[in-house]
Amino acid sequence: MFISVIAYHFLQIIEHRLRQQGDSRKWSTVRDILKTHQRLTISLRTEDSKGRHQQIRLNTKLEPEHESIYKKLGILKKSVYKTSKKSQV
């Protein structure tokens, strides 16, 4: 139940911030718009003798509607770009 309370508060914060920016959309509408923005993980193993494993996280291209919502919520563009992680297997 605790996680449900936290989720409810997050939704209220999102709707409140959007209203402050003049956007009166409900959460269901925002969710439907943002569900087309995806985060992808590509896992690779190198051919060298060290057997390294690399994960690359990428986002699909932001549509203008996505950018508008993220900007209103104060989410920085650079936080939705590529990240990379290397590890030994």
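Here, each number is a calculation from the coordinates, and none is a lab measurement. Quantities reported herein were computed from a predicted structural model and do not represent experimental measurements. Here Cβ is always computed from backbone atoms with ideal geometry, including for glycine, and neighbour counts include all displayed protein chains.
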Next item on the list: For Gln38 and Arg17, compute 0.36 nm times the residue count separating them, minus their Cα-Cα distance, and round to one decimal in nm.
Entry: 5.3 nm
Notebook entry, point to check: Which of the GluC sites (Glu not before Pro) found in segment 33-69 are loop residues per DSSP with 11 or fewer other Cβ atoms within 10 Å of their Cβ?
Noted result: Glu47
Check: In units of 2.2 N^0.38 Å, what is the alpha-carbon radius of gyration of segment 11-61?
Finding: 1.92
Item checked: Label-point gap, in nm, between Leu58 and His9 - each point 7 angstrom along Cα→Cβ -> 3.8 nm
